[in-house]
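Structure, as structure tokens:
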Amino acid sequence: MLKAIIVDDEKISREILRDYILKYCKDVEIVALAESADQGVEIIKKHKPDIVFLDVEMPKGNGFDLLEQLNEITFETVFVTAYDNYAIQALNYSAAYYILKPVSIDELVAAVEKIKNQRLKNQPSLHTRILLENIHATGVQQQKIMLPLQDGFEVVSMHDIIHCEAHDNFTDFYFVSKQKMMICRTLKFYEELLSGSGFLRVHKSHLINLNHVVKYTRGKGGQVTMSNNAVIDVSPNKKDEFLERFEKGK
């Protein structure tokens with residue numbers, strides 16, 4: 001049985017989530033409810049939960065503030081938010097669990113099942129730690145993302161990714177270390193995830209890190225040479241966007 005805590009400033013939200021968990025998540029026991037970040041810190045220290053369902057936006061300190069008050073994070077966090085905003089991208093980078101309000105029962109059950117399986121495999125709880133590191137990163141290229149592997153995941157820095165190449169439903173990642181890694185996600189998924197982080201899809205098969213472009217050769221669409229000497233075609237319909245982004249400093 002997994003011990004859980006709900007932290008949300010809205011009474012009705014706490015109660016709805018509690019009722020959903022009691023009805024649909026049979027392996028989860030709600031041990032406490034909190035209405036503020038400060039109260040949440042207290043009950044987390046007291047009950048030592050396996051899961052914390054945490055509202056992102058609260059009047060007196062948001063969910064991230066709560067996590068930063070803890071010396072050690074040994075639980076998994078499921079973020080609950082009504083806002084599909086900048087916070088969502090930060091959560092996605094770290095592969096953190098989150099549910100948008102109004103809460104979907106299917107999403108709730110899926111998040112709990114993933115956490116349950118992770119606990120059974122004794123996999124380390126890195127999602128929240130990576131999230132907090134990203135919040136404090138000095139620049140977006142210093143942030144990290146979690147890449148899913150068949151037997152777990154790997155944490156990589158944005159700056160270490162040179163480019164990505166599509167292979168059907170898989171994506172090949174090429175790194176500064178000269179390592180190549182095949183990830184079971186589409187290129188479109190990473191195009192959306194890394195948008196605004198210095199990456200640009202310049203071709204139907206290629207997503208590049210603009211910080212690793214060392215040369216551009218003009219042509220109908222042109223070609224870019226990357227820092228690992230890979231030469232990548234730029235689609236004609238992406239040429240103007242590439243040049244504009246590159247000239248503006250990515």
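The values are calculated or read from the model by the stated rules, or taken from the named source; none is laboratory data. Treat the numbers as computed from the prediction; the structure is a model and nothing was measured. Note that each Cβ is placed from the backbone with ideal geometry, even for glycine, and that neighbours are counted across all protein chains shown.
Considering only residues that are of a type in the set (Val, Ile, Thr) and in contact (Cβ under 8 Å) with a residue 40 or more places away in the chain, which ones fall in the range 195-240? Steps first, answer last, please.
Initially, the range 195-240 is screened for residues of a type in the set (Val, Ile, Thr), giving 202, 208, 213-214, 217, 224-225, 231-232, 234.
Val202, Ile208, Ile232, listed by residue number.
Select from the range 205-220 the residues that are in a loop (DSSP other than H, G, I, E, B) and either surrounded by 12 or more Cβ atoms within 10 Å (Cβ to Cβ) or touching a His at 6+ places or on another chain (Cβ under 7 Å) (or both) and list them in ascending order. Give the steps one after another, and end with the answer.
Looking only at the range 205-220, we keep the residues that are in a loop (DSSP other than H, G, I, E, B), and these are 205, 218-220.
Answer for the range 205-220, where residues must be in a loop (DSSP other than H, G, I, E, B) and either surrounded by 12 or more Cβ atoms within 10 Å (Cβ to Cβ) or touching a His at 6+ places or on another chain (Cβ under 7 Å) (or both): just Ser205.
For the range 142-182, which positions are free of Cβ contacts under 8 Å to residues at least 40 places away in the same chain and assigned to a loop (DSSP other than H, G, I, E, B)?
Once the filter is applied, which keeps residues that are free of Cβ contacts under 8 Å to residues at least 40 places away in the same chain and assigned to a loop (DSSP other than H, G, I, E, B), the range 142-182 yields Gln150, Asp151, Asp168, Asn169, Ser177, Gln179.
Checking the structure you have, find out if any residue of the range 15-26 is modelled with pLDDT of 80 or more and within 22 Å of Leu131 (Cα to Cα). Walk me through it before giving the result.
Filtering the range 15-26 down to residues modelled with pLDDT of 80 or more leaves 15-26.
After this cut, where a residue has to be within 22 Å of Leu131 (Cα to Cα) as well, the list is none.
No, there is no match, as no residue in the range 15-26 is modelled with pLDDT of 80 or more and within 22 Å of Leu131 (Cα to Cα).
Taking the range 174-202 on its own, how many of its residues are over 17 Å from the mean Cα position of the chain (by Cα) and surrounded by 15 or more Cβ atoms within 10 Å (Cβ to Cβ)? Explain how you work it out, then say what you get.
Pass one, the range 174-202, residues over 17 Å from the mean Cα position of the chain (by Cα): 174-182, 200-202.
Those still in the list that are surrounded by 15 or more Cβ atoms within 10 Å (Cβ to Cβ) too: 174-176, 181, 200-202.
Within the range 174-202, residues that are over 17 Å from the mean Cα position of the chain (by Cα) and surrounded by 15 or more Cβ atoms within 10 Å (Cβ to Cβ) number 7.
From Lys60, Lys48, Lys26, grab the single residue that is on the phi > 0 side of the Ramachandran plot and out of contact with any Gly (no Cβ under 9 Å at 6 or more places or on another chain).
Working: Lys60 fails: on the phi > 0 side of the Ramachandran plot; Lys26 fails: on the phi > 0 side of the Ramachandran plot.
Going through Lys60, Lys48, Lys26 in turn, the sole match is Lys48.
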